[in-house]
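Chemist: Pasting a structure below so you can have a look.
The values are calculated or read from the model by the stated rules, or taken from the named source; none is laboratory data. Here the structure is a predicted model, which is why all the values come from computation and not from measurement. Please note: Cβ atoms are built from the backbone with ideal geometry, for glycine as well, and neighbour counts cover all protein chains shown.
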Amino acid sequence: MPAALRTPRARWIAEAARMLGESGVDAVRVESVAASLGVTKGGFYTHFSGRDELLDAVLDDWERRSVDDVRERVQALDADAARNIRVAGGLTFAEDLLPVDLAVRNWARSDAAVRERLLRVDGARMDYLREQFSTFVDDPDEVEARSILAFTFAIGRHFLAVRPEDSPAAFDRAGERILR
């Protein structure tokens, strides 16, 4: 009799992250994740002690993918700082990470531990922007201002009622002005 195949831990995390991004933290329940994966919840407990551990793993995965993985991918390009900033922004708020990022921001409004995690992630993102801008901007106050503008532009555009595809040239021009 062959051994039963277990749903890998990474699949539980990925599905929970998808559900978080799609419907918010309250939708992420062991039963609903199992049902979405088409498995029973029994296999869940071979990887996690409970829902909180799963949610922590989702946050760990989001943090790694949106900070460490983005840095690695951008560094591999060996490009100039302006290109690095553009690429990092695109990767950070890519189709697969954006819904999770926005859900974490919403979740952080009511959970102090998640808020601390978000502060750490955003702090790392801001540090990267400062590092990149400082390669072509000499004034530390200007580096800080451009870093704030770039980051708020990258996040804020997802909260606007205007879609970037409605006026792509304007969004491109706004981004380019920050990078000048």
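Chemist: In the range 32-49, which residue that is of a type in the set (Val, Ile, Thr) and not in a helix (DSSP H, G or I) is surrounded by the most Cβ atoms within 10 Å (Cβ to Cβ)? So that I can check it myself, show each step before the final result.
Modeler: Here is the first cut: in the range 32-49, the ones of a type in the set (Val, Ile, Thr) are 33, 39-40, 46.
Subsequent filtering for residues that are not in a helix (DSSP H, G or I) retains 39-40.
On the way: 39: 17, 40: 11.
Among those that are of a type in the set (Val, Ile, Thr) and not in a helix (DSSP H, G or I), it is 39.
Chemist: Would you pick out the residues in the range 130-153 that are crowded, with 19+ Cβ neighbours inside 10 Å and small (Gly, Ala, Ser)?
Modeler: 147, 150
Chemist: Could you give every pair whose Cβ atoms fall below 6 Å, whose first residue belongs to the range 73-88 and is in contact (Cβ under 8 Å) with a residue 40 or more places away in the chain and within 12 Å of residue 133 (Cβ to Cβ), and whose second residue is assigned to a helix (DSSP H, G or I) and not aliphatic (A, V, I, L, M), counting only separations of at least 6 or pairs across chains?
Modeler: Once the first residue is in contact (Cβ under 8 Å) with a residue 40 or more places away in the chain and within 12 Å of residue 133 (Cβ to Cβ) and sits in the range 73-88, its partners that are assigned to a helix (DSSP H, G or I) and not aliphatic (A, V, I, L, M) give 81/132; 84/132; 85/132.
Chemist: Testing residue 97 on (1) under 19 Å from residue 22 (Cα atoms); (2) surrounded by 15 or more Cβ atoms within 10 Å (Cβ to Cβ); (3) touching a residue at least 60 places away in the same chain (Cβ under 8 Å), one condition comes back false. Which one is that?
Modeler: So residue 97 meets the others, but not (3).
Chemist: Out of all the residues in the range 19-31, which are closer than 21 Å to residue 111 by Cβ, assigned to a helix (DSSP H, G or I) and free of Cβ contacts under 8 Å to residues at least 40 places away in the same chain?
Modeler: Hits for the range 19-31 are 19, 23, 26, 27, 30.
Chemist: If you go through the range 6-18 one residue at a time, do you hit one that is without any contact (Cβ under 8 Å) to a residue 40 or more places away in the chain, surrounded by 18 or more Cβ atoms within 10 Å (Cβ to Cβ) and within 17 Å of the chain's Cα centre (by Cα)?
Modeler: yes
Chemist: Taking into account only those residues within the range 112-129 that are of a type outside the set (Asp, Glu) and surrounded by fewer than 17 Cβ atoms within 10 Å (Cβ to Cβ), which is farthest from the chain's Cα centre (by Cα)?
Modeler: For the range 112-129, the residue satisfying everything is 112.
Chemist: All but one of (1) under 30 Å from residue 56 (Cα atoms); (2) of a type in the set (Val, Ile, Thr); (3) modelled with pLDDT of 95 or more hold for residue 92, so report the exception by its number.
Modeler: It fails just one condition, (3).
Chemist: Given the structure, is residue 89 loosely packed, with under 12 Cβ neighbours inside 10 Å and among the small types (Gly, Ala, Ser)?
Modeler: Spelling it out, it is not the case that residue 89 is loosely packed, with under 12 Cβ neighbours inside 10 Å and among the small types (Gly, Ala, Ser).
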